[in-house]
Structure formats: C-alpha cells, structure tokens
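The values are calculated or read from the model by the stated rules, or taken from the named source; none is laboratory data. In this text the structure is predicted, and so the values were computed from the model without any measurement. Ideal geometry is used to build each Cβ from the backbone, glycine not excepted, and the neighbour counts take in all protein chains shown. For accessibility, only protein heavy atoms count, side chains too; no ligands or nucleic acids. Shrake-Rupley method; radii C 1.70, N 1.55, O 1.52, S 1.80 Å.
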Amino acid sequence: MAYIRVIHEDEADGKLFELYDEIQRNRGRVSNILRAQSLAPKAMRAHLDLYMAACFGKGGLPRREVELIAVAVSTANGDPYSLAHHTDALGRYADDKAWVAAVAKDPLKATSGRERALVEYALALSRHPEKGVKANVEALRKAGLADEAILQAAQVVGYFNFANRIAIGLGVELEAPADRDYHY
C-alpha cells in the first residue's frame, strides 16, 4: 500500500474519520494517495483542496486539457500511480483510445497545436523550470490561451509535480482498475 503506516477507513477516528467520510460521499471511495497521507489529516485536507482548486477551478482550461497536463507531468516524473489514474480520466474526455495511449507513452509526439503547447509548457516546468519557461508562456498565448488559463496550467503542473512526489516518495500502490473509477 505504502512505505509508511496507513490508517484505513475502519481504523479512523476524529478528523480523519470525518475526512474519509466526506471523501467517500463525494468521490465514492478513498484513493490510495489520500490514504497514504492518513497520518496527517490536515495536510490531506489541504492536498484535496489544492487538487480541487487547481484542477476544477474556473481558469479556462477544459477538463481534457487538465488531464492532458496531468498525464504529461506524470509521464515526465515516471509516476505510474498518477499516470494510470489520469490516463483513465483523459480517456473519459477523449474519444480516441489510441491517442490516449500515445499521450501516455510520449505526450510530445501525440499532440499538436494548443495541446502541444500545453504539453511543452508542462514538461519544461516539470523538468527544467529555470530554463526558458517564458518562451513556453508566449507559445501558450500564441495558441490562444488567456492569462487565466495559463495560470491554471501552471497550477495544474505544480499540483501534479507535488502529487507525483507524494506517490513516488511514499510508494503508493495503484488500485485495481475497478477501484480507480471515481466520480468527481
């Protein structure tokens, strides 16, 4: 499950019990990445709030593009946990399963236009944030993104770099495919 001790739903009490209950009501089940943070319910709450604000906020990016960024960042970081979850999610917003598989393998080769600009930005900010990201922001503008959407893209990239490091750093195991089908 993880490299550290995890408190499961049937063992939880107090604030953790309340948080688990809320997650189950809103999402259907508790994911392993959240369970892995069970020793720090306040931080788990902040993690969930950041996820909701960055990925579901009103920055102007459609869900397909948010999930595309999630897949690109998770591919760059080598995070199988987030890659699987968000490849599944990208598949819900894209009709082409072969394209989704290609994005998970090599997001740069699989995209063009606006989506390519988003992937290039996500990869640059993830791999080498100190080098040339300004040019990527200009490419996003040329691809038609308003500043609010660029801000959201930066927040989504930042969030997934954080989440990838939690998943990798704690050895979070991937759930079975049927257990990854959350409703958001």
Computed [θ] at 222 nm, helices only, for the chain once each DSSP H run of length n ≥ 4 contributes -39500 (n - 2.57): -21500 deg cm²/dmol
Whether the stretch 1-40 is rounded, prolate or oblate, judged on the alpha carbon gyration tensor where a/c under 1.5 counts as rounded: oblate
Tensor-based shape of the stretch 76-168 (alpha-carbon gyration tensor, a/c under 1.5 rounded, otherwise prolate or oblate): oblate
Share of carbon and sulfur in the accessible heavy-atom surface of the stretch 51-104 [1.4 Å probe, %]: 60 percent
Residue-wise HN-Hα coupling along the stretch 13-24, computed from phi with Karplus coefficients 6.51, -1.76, 1.60 (Hz; x: Gly, Pro): 9, x, 4, 5, 4, 4, 5, 4, 4, 4, 4, 5
In Å², nearest 10: area of Val71 left accessible to a 1.4 Å probe: 0 Å²
Reported label for calculated volume of the Cα convex hull per residue in Å³ given (1) 133; (2) 173; (3) 114: (3)
Ranked by how many other beta carbons lie within 10 Å on average, peptides 114-121, 14-21 from highest: 114-121, 14-21
Highest average packing first - 130-139, 58-67, 37-46, Cβ atoms within 10 Å: 58-67, 37-46, 130-139
Debye, to nearest 20: dipole size of the stretch 1-99, +1 on Lys, Arg Cβ, -1 on Asp, Glu Cβ: 180 debye
The stretch 1-91, Rg to Rh (Cα coordinates; Rh as Kirkwood inverse mean 1/r): 0.99
Dipole magnitude of the chain about its Cα centre (Cβ charges: Lys, Arg +1; Asp, Glu -1), debye to nearest 20: 600 debye
Heavy-atom accessible area per residue - the stretch 1-61, 1.4 Å, Å²: 56 Å²
Solvent-accessible area per residue for the stretch 92-184 (1.4 angstrom probe, square angstrom): 55 Å²
With every protein chain in place, the stretch 109-184: carbon and sulfur % of accessible area (1.4 Å): 55 percent
Coordinate range along principal axes, alpha carbons of the stretch 121-166, Å, largest first: 33, 21, 11
